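The values are calculated or read from the model by the stated rules, or taken from the named source; none is laboratory data. None of these values were measured; they are calculated from a predicted model. Here the Cβ positions follow ideal geometry from the backbone for every residue, glycine too, while neighbour counts run over all protein chains shown. Just the protein is used for accessible areas: all its heavy atoms, side chains included, with ligands, DNA and RNA removed. Shrake-Rupley method; radii C 1.70, N 1.55, O 1.52, S 1.80 Å.
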Amino acid sequence: MEYPPITKDPAAMRVQPNLLDYRDVCGHFSWHTVRNQLAGLPEGGLNIAHEAVDRHAEGSLRSRVAIRWLGRDGRTIDLTYGLLRERSNRFAHLLGKLGMTKGERVFWLAGRDPALYPVFFGTLKNRNIFCPLFAAFGPEPIFQRLERGNARVLVTSERQYTRKVAALHSRLPELCTVLLVDRDDDLDARVLSLPRLMATAAKEFVIPPTDPEDMAILHFTSGTTGMPKGAVHVHGAVLTHLLTGRYVLDLHPEDVFWCTADPGWVTGTSYGIIAPLLLGVTSIVDEADFEPERWFRILAEQRVSVWYTAPTAIRMLMRTPETLRSRYDLSALRLVHSVGEPLNPEAVLWGQRVLGLPIHDNWWQTETGGIMIANYAAVDIRPGSMGLPLPGIEAAIVSRNEDGTVRVEGDGVEGELALRRGWPSMFRSYLHEEERYRKCFAGDWYLSGDLARRDGDGYYWFIGRADDIIKTAGHMVGPFEVESTLMEHPAVAEAGVIGKPEATIGELVKAFVVLKPGWEPGDALRQELIGFGRGRLGSAVAPKEIEFSDNLPKTRSGKIMRRLLKARELGLPTGDTSTLEGSES
Ligand code: ATP
Ligand code: MG
């Protein structure tokens, strides 16, 4: 279905967007100008912690709340820029005392705990590398990542340690120290109390020379398509965080920003920690998991003005009665963003109807370090499109030639989404997988592994991951199109679409469908949905099989794992499921 564009009128907006004239800014763009908006360290040095915390704490924002942490139990903890500077200094000192030298790794396994922020920035100040893990990981995925990532220090909670890590500790000879965020005394000589050590560590710390190319963060990918890869990021990535915080999230000093992503996922660090602080705003962090009523309450009570969330959460909110939302005053909210999966046009429109604001989709990956394609506050939205490339980013649709080179395609052609290499937050390697890293590039282009097309006005439209594309009767079908169409039916809350091998047509389009409350699965509804799909998509693309399901397998970052739907359907091994939501494998 064609959706009419959502037009914008900046003159009528409460806050004037930072990016008013997209084409003009693209035409004059220079990364130098962005670099000049940062303070930097002597001799061309650059350290994320200095930019996000210290330069504000040493200036007029010292007493502004940087992080407002909301506990599951109703407690609120405010960390000002000044406090964050002091505590991250203490943590940096503490790492020095533990003998941590430049480039050694600090792992985080404590969810959204208030200690995250001093630990994150203290790690960067001491030029160590921060690597976050999902708190819900089971022992084996934790072990694999600690081992592959050469963890020297692990920051975690007592419960996590005793339940999951203690038994592994002897298999991790490189792991010297475990720091517990919630114990006041040490457990033994290697498992120490973080609060105790923090209390005695010095308050002042001078960040040693940091090169923009020094490694800062190690992030494992979501594992949607297979075994997660360890993407390496550098301090210089902060230029992208600053630019996207300003132009995409459209943060202004008075904003209250809420990024709902867990720090185990790259969105939770790039936008849950770094970008909002670079722009000096107050950032909300909720310790608890998704719960519709709680989320509406937080938006209302905290007067959130800019909200960054994910399609899976939006689809869950879409399943709740619209009357729920009407109990909350969301008048402070002015911008809503989404990332992580394609955002169905129905979800964009739901935002407009129920929140009074359209949802702005943006696209990026762990590998890109920051938002690359986006919808902007002042630019018209085409529902179902990921939007336009960030100023400073050159995107293209390419096809691979037999000899390994690529050719750039024109508008309207489906192909692989590529980015011209060299943007500041581009990953610098896959940990211990140099060959795999090299294969992501062809000449000047980074190849994303996602298929898309660009329309005549430069908007990018997601088709699917190369791995998920279905080849049926001579057609290439992207699951997103089929899933979005099914969601137009009033019974459908969510759908996951795969190709099932079939002798005559290659693959048959099969949909797994989750129904909205009040709808009963059954043959009649199945036939109705098949007919509905056929009417809108044509018989070549429409699903031929529909299976009702209570839920879809998802990664912990909320992405539908189509490879798992397919493996289960075919009775094949499910491969790495360490990032599967709900498991503790
Ligand atoms: P893995 O690489 O381990 O399989 P992953 O690719 O899901 O996992 P991430 O880096 O977290 O790990 O996710 C990036 C991917 O998410 C993109 O390549 C794309 O497929 C999908 N994605 C992110 N944002 C969007 C969006 N706005 N529209 C469509 N797809 C998106
Ligand atoms: Mg990926």
For this session: Kindly list, by first and then second residue, each pair from a residue in region 362-390 that is on the phi > 0 side of the Ramachandran plot to a residue that is more than 16 Å from ligand 2 (Cβ to nearest atom) and assigned to a loop (DSSP other than H, G, I, E, B), limited to pairs with Cβ atoms under 8 Å and residues at least 6 apart or on different chains.
Result: Gly369/Pro424; Gly384/Tyr3; Gly384/Leu343; Gly384/Asn344; Gly387/Asn375; Gly387/Tyr376; Gly387/Val379; Gly387/Tyr459
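Rundown of residues vs (1) in contact with a Phe, Trp or Tyr (Cβ under 9 Å, 6 or more places away or on another chain); (2) under 13 Å from Val106 (Cβ atoms); (3) open to solvent by 10 Å² or more (accessible area, probe 1.4 Å), yes/no style:
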{"residue": "Tyr117", "(1), (2), (3)": "yes, no, no"}
{"residue": "Leu124", "(1), (2), (3)": "yes, yes, no"}
{"residue": "Asn128", "(1), (2), (3)": "no, yes, no"}
{"residue": "Ala136", "(1), (2), (3)": "no, no, yes"}
{"residue": "Pro139", "(1), (2), (3)": "no, no, yes"}
{"residue": "Ile142", "(1), (2), (3)": "yes, no, no"}
{"residue": "Leu146", "(1), (2), (3)": "yes, yes, no"}
{"residue": "Arg152", "(1), (2), (3)": "yes, yes, yes"}
{"residue": "Thr156", "(1), (2), (3)": "yes, yes, no"}
Problem set entry | Conditions (1) without any contact (Cβ under 8 Å) to a residue 40 or more places away in the chain; (2) open to solvent by 10 Å² or more (accessible area, probe 1.4 Å); number of the one not met by Tyr247 | (1)
Exercise. Of the residues Asp329, Asp289, which single one is at pLDDT 95 or above, away from ligand 2 (no atom under 16 Å from the Cβ) and open to solvent by 10 Å² or more (accessible area, probe 1.4 Å)?
Worked result: Asp329
Exercise. What about Pro253, is it away from ligand 1 (no atom under 16 Å from the Cβ), touching a strand residue (DSSP E or B) at 6+ places or on another chain (Cβ under 6 Å) and either at pLDDT below 95 or not in a strand (DSSP E or B) (or both)?
Worked result: no
Problem set entry | Residue count, region 546-561 (criterion: in contact with a Pro (Cβ under 7 Å, 6 or more places away or on another chain) and within 14 Å of ligand 2 (Cβ to nearest atom)) | 1
For this session: Being touching a Lys or Arg at 6+ places or on another chain (Cβ under 9 Å) and farther than 19 Å from His252 by Cα is the filter; apply it to region 5-36 and report the residue that is surrounded by the fewest Cβ atoms within 10 Å (Cβ to Cβ).
Result: Pro5
Problem set entry | Every pair of residues 6+ apart whose Cβ atoms lie under 6 Å, when the first sits in region 264-276 and is farther than 17 Å from His252 by Cα and open to solvent by 10 Å² or more (accessible area, probe 1.4 Å) while the second is of a type in the set (S, T, N, Q) and within 13 Å of ligand 1 (Cβ to nearest atom) | Trp265/Ser557
Exercise. Is it fair to say Glu416 is at pLDDT below 95, under 20 Å from Tyr446 (Cα atoms) and open to solvent by 10 Å² or more (accessible area, probe 1.4 Å)?
Worked result: no
Exercise. Condition test on Thr156, is it closer than 18 Å to Ser193 by Cβ and in contact with a Leu (Cβ under 8 Å, 6 or more places away or on another chain)?
Worked result: yes
Exercise. What are the residues in region 199-221 that are in a loop (DSSP other than H, G, I, E, B), buried (at least 23 other Cβ atoms within 10 Å of the Cβ) and within 16 Å of ligand 1 (Cβ to nearest atom), if any?
Worked result: none
Problem set entry | Filtered residue count, region 534-549, keeping only those that are touching a helix residue (DSSP H, G or I) at 6+ places or on another chain (Cβ under 6 Å), at pLDDT 95 or above and outside any loop (DSSP other than H, G, I, E, B) | 1
Seminar exercise, completed: For Gly575, the lone unmet condition from (1) more than 16 Å from ligand 2 (Cβ to nearest atom); (2) assigned to a loop (DSSP other than H, G, I, E, B); (3) surrounded by fewer than 18 Cβ atoms within 10 Å (Cβ to Cβ) is (1)
For this session: Would you please name the residue that is most open to solvent (accessible area, probe 1.4 Å), looking only at residues in region 37-46 that are more than 19 Å from Leu243 (Cβ to Cβ) and touching a Ser or Thr at 6+ places or on another chain (Cβ under 8 Å)?
Result: Leu41
For this session: Check region 445-465 and report whether any residue there is within 12 Å of ligand 2 (Cβ to nearest atom), closer than 14 Å to Ala231 by Cβ and basic (Lys, Arg).
Result: no
Problem set entry | Ser425 more than 11 Å from ligand 1 (Cβ to nearest atom) and either outside the structural domain of Thr225 (by TED's automatic domain parsing) or of a type outside the set (A, V, I, L, M) (or both) | yes
Seminar exercise, completed: Of the listed residues (Ile314, Ile373, Ile298), the one being within 14 Å of ligand 1 (Cβ to nearest atom) and either closer than 30 Å to Asp73 by Cβ or surrounded by fewer than 22 Cβ atoms within 10 Å (Cβ to Cβ) (or both) is Ile314
